[in-house]
Amino acid sequence: MNDDTTALRDALDRTVEELPPLPDLAPLAVREGRRRRARARFATAAGAFGVVTAGALGLTLLPGNGPTPAMPAAPPSSPGVSASPSVNPDASYPPVVVEETPGVTPPDNPDGLSPAERERRAVHQQRVAVLLDELLPAKVTEIRPVKDKVSAYRITAGGEPFWLTVSVRPTDDLSVEECPDRPDPRIVCETVTFDGDREAQLLSLATSEPGTSASYVRFVYGGSRVRLSVDPEGAPSPVTPRQLFAVAEDPRFLDMVRETDAQPVEKKESPAIVGG
């Protein structure tokens, strides 16, 4: 295993350890009229979700009180490509608020954003949620943006919650990482080409929790690093790297990436610390 892969595994283990555990879910309500394909998902309405406390797990989820606008249409990247899924224009994905300490509500607007910027980021999350809902496999039955964490989403599969990340982060380092140059049974990695000659890296990585694995898709677009990932929470990721890649290569998702690269919603990636 090369140094880059070792660093990635260490970073993944730290990320999983730092993520708060997720609670059991409230009963899900059937959501209708949202599908182009013949399938059904389930979602929890904001008013019905209420407060879910994880008890010994030390986490509370609250319904978000921030803006939840409907997804705006985006211009297609090529002629003949639909810019957005056909959805109810009044539909929205109510955000959740994560209380890492039960009973202690996190500060509102922790980054001190202007009302206009908070609204812009909320619109971005709604747009991503619509695309995820349309493009992820049917086993994913709920998608909720995490309030004030623009790249974070809580998804549900098989009655279990998981963390999903969709990040388009500006960076000065546009180098493309390579798959490990030697076999490792804990890592499954492949490099694929899409969108012309763009390369993406698909990874399935074992984590420090026995029997669990995370799924990653990574590529560079413009001046940003793009990452889609699903982290385990006591169970392996329910979404494979190939299924995440099906999201990443969709023209509508790439339209979103292109626009977000031009007008970022995340802070610029910090320079790597040499020897750190």
For region 182-276, build the convex hull from the C-alpha positions and give me its volume per residue in Å³.
147
Please give me, ordered by residue number, the GluC sites (Glu not before Pro) of region 112-181 that lie in loop per DSSP and have at most 14 other Cβ atoms within 10 Å.
Glu178
For Val146, enumerate residues with amide H under 5 Å from its amide H, sequence gap 5+ or separate chain, H modeled in the peptide plane.
Val96, Ala152, Tyr153, Arg154
Rg/Rh for region 194-249: what does it come to with C-alpha atoms and Rh from Kirkwood?
1.04
Hey, what do the phi angles of region 122-132 turn into as Karplus ³J(HN,Hα) couplings, whole Hz, using 6.51/-1.76/1.60 and θ = phi - 60°, x for Gly and Pro?
5, 4, 4, 5, 4, 4, 5, 4, 4, 5, 4
Would you mind ranking Asp133, Asp172 so that the residue whose beta carbon has the fewest other beta carbons within 10 Å leads the list?
Asp172, Asp133
Sorted by mean Cβ packing within 10 Å, highest first, what order do the peptides 245-253, 179-187, 149-157, 203-211 take?
149-157, 245-253, 203-211, 179-187
Charge dipole (region 148-276, unit charges on Cβ, about Cα centre) - positive-most of Gly234, Tyr216, Pro170
Gly234
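None of the figures in this text is laboratory data; all of them are computed from the coordinates on show. Keep in mind that what you see is a predicted model, and the values were worked out from it rather than measured. Counting neighbours? That spans all protein chains shown, and the Cβs are built from the backbone with ideal geometry, glycine included.
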